[in-house]
Amino acid sequence: MTKEQSYYPERVKRAAHMLFFKRGRVPGARSWELKTGLGKEYPKVLAQLDEALKDLDLEVKKVESQTLSDFKPGPDGEEEMRYFVRLKGTLTPKEARMTGWRIDNLAALAACMSLIVSKQGKSERKELEQIIGEKVGRWRALTLTDAFLRSGYLEEDEEGLMKIGWRTRAELDLESLMMLIAESKPKGAIVEEEPGEVSDSAETLEVEGPAETVEAELEDQASTEG
Amino acid sequence: MAEKTGRVSGRRELEELIQTCVSIENRQFNPFLLDISEALRIIRRHAGNWKTLGDNLLDMRAITSLARVVGLQSANLRFQSSSLFVDPGMVKQKVESMSREQLAGFLLLSWHPIVELEQLTEASTKEALDYWQKMLSFFERRKRLQPGPFDSPGAMDTPELARLKVLEEKAFGRRLEELRREMKEKVGEEGRIDYWTFVRASNFAATVLRAQMVSFLVSYGMAMLERKKEKMWLIPRDPPFSTGQGSPLSLPIPIPMEAVVPRAK
């Protein structure tokens, strides 16, 4: 084993500490902090940490500076990045419930993000509150918008427009969300059949996709929540 | 005269153009709704008329606003060619037609939450320390309420605490027993007493308190409550008592103010 390799386990531990423990308002660590703490080869150390975290369904996520409006440039002026540790897979509805998120919150966030993305990353607060309000009620829409702003899912620019926040960039796969919403069919939609065509839906077994499975679980959850 | 009129209408046109550009920047309209070549033609047409600094600044604002709209058009084209492009109208329609469960399900399938361990941070500690240091002393804050001179701490005996209702003067069981004895003395030869005659006290609060104690006597089997038509009678019992002897029924008895008035008068 070479001398360089023998350093890695110690550095990987240090990298884990830096990424897991929140030291400021925003979790994770900046690139210059990692460079100072782990040395110039910090990307390699992070790659090794990422490999070690795979078994735990976690991953190291890099978020670029242009998408993180509240991050300041590094002391040496180099391009600023921020690294986080996030879940590699996704949560089941039951697990999401354990994190303290209600269906209302999740639905409101999905509605919010889809509208902002469709409007190229910016939207008026009133419009967002209106779309959330239709799902969860007006008063809850106001408090949820504030909550999303506080937690970093949304940000407000100098003109008062709402835009995608740093947490959304780090946590949400917006392409997948938009794809799911664009492809969705409203609940209870009736599929029109060609006249004269014999329906075989009663005989064929419907294969449930991941979206349908999650929905079914959430419906159970909603019914138990009352 | 004609030149002056031209300048006035030119200013109005530029202000309208700037307003349109601002609305587009605020995502109220599609950036492609503005005809850039037509807007440039308007700016050019009036460019020769401007003489004052204010007019030239207006001209400059119009050009920069237009440039920002061109930037938005370019961003829009780039966005439309990306995989994230979905028409906002369609998204609104979809979201409106979807259930909360459907929406939440979609979010869960695209959500990879950050793992973070909450702890006391330097920033939060500084904030707390700052709050503590800026907070006025208890005596300073008390002055704002103007409660008068501050009493120095002193001792207080049990009867005084009982008077302030901080402590119970007597144990609850002993009070029940005293009330049963009082009832027994009052029933006389008949062996029973009218409920209201026994419960009624000098004021409403005391009446309510006696009624509450009587309800415990009945529940614990230390007395019986007989109801005949409009009249209610209390019959004291002798020990040993058992909860089995208590009334299995709940009997709500309203206490009207009139029930107290005769004695108070």
Quiz item: Are there any pairs, at least 6 apart or on different chains, whose C-beta atoms fall under 6 Å, with the first in segment B:57-77 and more than 14 Å from chain A (Cβ to nearest Cβ) and the second in a helix (DSSP H, G or I) and of a type in the set (Val, Ile, Thr), and if so, which?
Solution: B:Arg61/B:Ile18; B:Ala62/B:Ile18; B:Ala62/B:Ile43
Quiz item: Restricting attention to segment A:147-170, which residues are more than 25 Å from B:Ser99 (Cα to Cα), at pLDDT 90 or above and either surrounded by fewer than 16 Cβ atoms within 10 Å (Cβ to Cβ) or not assigned by TED's automatic domain parsing to the domain that holds A:Trp101 (or both)?
Solution: none
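Mind telling me which of the residues B:Phe198, B:Phe204 ends up being surrounded by 14 or more Cβ atoms within 10 Å (Cβ to Cβ), free of Cβ contacts under 8 Å to residues at least 40 places away in the same chain and in the same structural domain as B:Glu258 (by TED's automatic domain parsing)?
Numbers: B:Phe204 fails: free of Cβ contacts under 8 Å to residues at least 40 places away in the same chain.
None of the others qualify; the one that does is B:Phe198.
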Exercise. Those residues that are of a type in the set (D, E, K, R) and not in a helix (DSSP H, G or I), I need them from segment A:98-147; list them, please.
Key: A:Arg102, A:Lys119, A:Lys122, A:Glu124
Quiz item: Yes or no: B:Arg11 of a type in the set (D, E, K, R) and surrounded by 16 or more Cβ atoms within 10 Å (Cβ to Cβ)?
Solution: yes
Exercise. Name, by its number, the condition in (1) assigned by TED's automatic domain parsing to the domain that holds B:Arg11; (2) surrounded by 12 or more Cβ atoms within 10 Å (Cβ to Cβ); (3) aliphatic (A, V, I, L, M) that does not hold for B:Leu33.
Key: (2)
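Suppose the filter is crowded, with 21+ Cβ neighbours inside 10 Å, away from chain B (no Cβ under 11 Å) and under 16 Å from B:Leu107 (Cα atoms); does A:Leu144 pass it? Talk me through it step by step, then tell me what you get.
Values: crowded, with 21+ Cβ neighbours inside 10 Å: yes; away from chain B (no Cβ under 11 Å): yes; under 16 Å from B:Leu107 (Cα atoms): yes.
Judged against the criteria, A:Leu144 is a match.
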Quiz item: Name the residues in segment B:85-121 that are over 20 Å from A:Asp57 (Cα atoms) and among the β-branched types (Val, Ile, Thr), would you?
Solution: B:Val86, B:Val91, B:Val95, B:Thr121
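Report, by residue number, each residue of segment B:31-57 that is within 52 Å of the chain's Cα centre (by Cα) and closer than 14 Å to B:Thr20 by Cα.
Applying the first criterion (within 52 Å of the chain's Cα centre (by Cα)) to segment B:31-57 yields B:31-36, B:39, B:54, B:57.
Of everything in segment B:31-57, those that are within 52 Å of the chain's Cα centre (by Cα) and closer than 14 Å to B:Thr20 by Cα turn out to be B:Pro31, B:Phe32, B:Leu33, B:Leu34, B:Asp35, B:Ile36, B:Ala39.
Can you confirm whether B:Leu217 is assigned by TED's automatic domain parsing to the domain that holds B:Glu258, free of Cβ contacts under 8 Å to residues at least 12 places away in the same chain and not β-branched (Val, Ile, Thr)?
Numbers: assigned by TED's automatic domain parsing to the domain that holds B:Glu258: yes; free of Cβ contacts under 8 Å to residues at least 12 places away in the same chain: no; not β-branched (Val, Ile, Thr): yes.
No: the conditions fail for B:Leu217.
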Self-check item: B:Arg61, sole failed condition from (1) among the charged types (D, E, K, R); (2) more than 27 Å from A:Arg167 (Cβ to Cβ); (3) buried (at least 18 other Cβ atoms within 10 Å of the Cβ)
Solution: (3)
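Suppose we filter segment A:65-97 for residues that are part of a helix (DSSP H, G or I) and modelled with pLDDT of 55 or more; how many remain? It would help to see each step written out before you state the result.
So the first thing to find is which residues in segment A:65-97 are part of a helix (DSSP H, G or I), and the list is A:65-67, A:93-97.
So of that shortlist, the ones also modelled with pLDDT of 55 or more come out as A:65-66, A:93-97.
Total meeting the criteria: 7.
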Quiz item: Would a scan of segment A:157-170 turn up a residue that is within 7 Å of chain B (Cβ to nearest Cβ) and of a type in the set (A, V, I, L, M, F, W, C)?
Solution: yes
Quiz item: Within segment B:21-39, restricting attention to residues that are free of Cβ contacts under 8 Å to residues at least 12 places away in the same chain and in a helix (DSSP H, G or I), which residue is nearest to the other protein chains (Cβ to nearest Cβ)?
Solution: B:Ser23
Exercise. Give me the pairs, please: first residue somewhere in segment A:21-39 and outside any loop (DSSP other than H, G, I, E, B), second residue anywhere and buried (at least 22 other Cβ atoms within 10 Å of the Cβ) and among the β-branched types (Val, Ile, Thr), beta-carbon distance under 7 Å, and either six or more positions apart or on two chains.
Key: A:Leu38/A:Val45
Quiz item: Quick one: A:Thr90 ticks every box in (1) in contact with a Pro (Cβ under 8 Å, 6 or more places away or on another chain); (2) within 26 Å of A:Lys54 (Cβ to Cβ); (3) without any contact (Cβ under 8 Å) to a residue 40 or more places away in the chain bar one, so which box is it?
Solution: (1)
Quiz item: Can you tell me how many residues in segment B:152-174 are surrounded by 10 or more Cβ atoms within 10 Å (Cβ to Cβ), of a type outside the set (Val, Ile, Thr) and at pLDDT below 75?
Solution: 4
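The values are calculated or read from the model by the stated rules, or taken from the named source; none is laboratory data. Source: prediction; values computed, not measured. Heads up, the Cβs are rebuilt from the backbone with ideal geometry, glycines too, and the neighbour counts pull from every protein chain shown.
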